[in-house]
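Student: Quick one: the structure is below, questions incoming.
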């Protein structure tokens with residue numbers, strides 16, 4: 001009965017994902033007991049976990065490098081939307097360098113904090129069940145990232161926020177922010193009530209960047225044989 005159920009689940013997978021066709025075939029073989037390749041359900045589960053781990057670790061490492069955020073057009077952290085007036089006002093009175101320093105320091109804080117994110121993802125991956133694995137197999141090209149997001153968002157935010165605060169202080173972002181607000185408040189007719197939570201904002205943007213980068217790595221592992229860096233990944237994800 002269990003084999004029949006598994007077979008029905010496998011047959012419902014989205015076979016349009018070309019890079020997963022071989023994996024789906026092997027899963028079907030396992031369900032029917034017809035496999036002769038030696039690829040077990042444990043192999044499939046471990047292969048998925050390894051792909052997730054590599055994607056998470058590589059994604060975090062890429063963002064932790066100098067300019068991982070700052071020179072990434074898609075992920076670069078700009079001024080908080082509610083503080084856009086602060087930036088435009090500072091630039092209008094010739095304080096371009098202060099605005100530039102603040103933006104650079106926010107990105108440096110996100111890069112610094114990204115060093116700490118990988119273990120949180122690895123812990124979530126270790127807890128992945130067979131059911132989770134089947135859901136990922138049935139999903140789209142970023143299904144694994146969606147799984148990680150659902151399992152790690154709360155923990156990552158609570159762990160990440162104090163780290164981001166420390167990073168903001170280390171790269172002088174807090175100092176630049178205070179200078180920016182002080183300078184803005186000193187300008188006649190400026191709105192002196194604008195002072196968003198900088199650490200919460202950078203934490204949110206850093207998390208968005210990390211999930212985006214993990215999704216990029218997941219797509220690569222699914223589609224690119226060269227991205228499968230171990231024998232298990234090659235064995236599980238071959239076409």
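Student: Return yes when residue 152 is crowded, with 16+ Cβ neighbours inside 10 Å and part of a loop (DSSP other than H, G, I, E, B) and no when it is not.
Tutor: no
Student: How many residues, within segment 108-149, are more than 14 Å from residue 51 (Cα to Cα) and assigned to a loop (DSSP other than H, G, I, E, B)?
Tutor: Total satisfying the criteria: 7.
Student: Go through (1) at pLDDT 95 or above; (2) at negative phi for residue 67 and report which single condition fails.
Tutor: (2)
Student: I would also like to ask the following. Output the residues belonging to segment 123-149 that are closer than 22 Å to residue 64 by Cα and surrounded by fewer than 17 Cβ atoms within 10 Å (Cβ to Cβ). Can you show your working first?
Tutor: Applying the first criterion (closer than 22 Å to residue 64 by Cα) to segment 123-149 yields 123-125, 142, 144-146, 148-149.
The answer is 123, 146.
Student: A further question follows. Which members of segment 39-82 meet the condition of being buried (at least 19 other Cβ atoms within 10 Å of the Cβ) and over 30 Å from residue 129 (Cβ atoms)?
Tutor: Listed by number, the residues that qualify are 68, 69, 75, 77, 79, 80.
Student: I'm checking my understanding of the structure. Among residues of segment 97-122 that are out of contact with any helix residue (DSSP H, G or I) (no Cβ under 8 Å at 6 or more places or on another chain) and either surrounded by 20 or more Cβ atoms within 10 Å (Cβ to Cβ) or over 18 Å from residue 78 (Cβ atoms) (or both), which one is modelled with the lowest pLDDT?
Tutor: Looking at residues that are out of contact with any helix residue (DSSP H, G or I) (no Cβ under 8 Å at 6 or more places or on another chain) and either surrounded by 20 or more Cβ atoms within 10 Å (Cβ to Cβ) or over 18 Å from residue 78 (Cβ atoms) (or both), I get 119.
Student: What is the one condition in (1) in a loop (DSSP other than H, G, I, E, B); (2) in contact with a helix residue (DSSP H, G or I) (Cβ under 8 Å, 6 or more places away or on another chain); (3) farther than 19 Å from residue 215 by Cα that residue 94 does not satisfy?
Tutor: (2)
Student: Next question, about the same structure. So is residue 219 under 19 Å from the mean Cα position of the chain (by Cα) and either at pLDDT 90 or above or farther than 13 Å from residue 110 by Cα (or both) or not?
Tutor: So residue 219 passes the test.
The values are calculated or read from the model by the stated rules, or taken from the named source; none is laboratory data. Bear in mind that the values here come from a model prediction, so they are computed numbers and not experimental data. Counting neighbours? That spans all protein chains shown, and the Cβs are built from the backbone with ideal geometry, glycine included.
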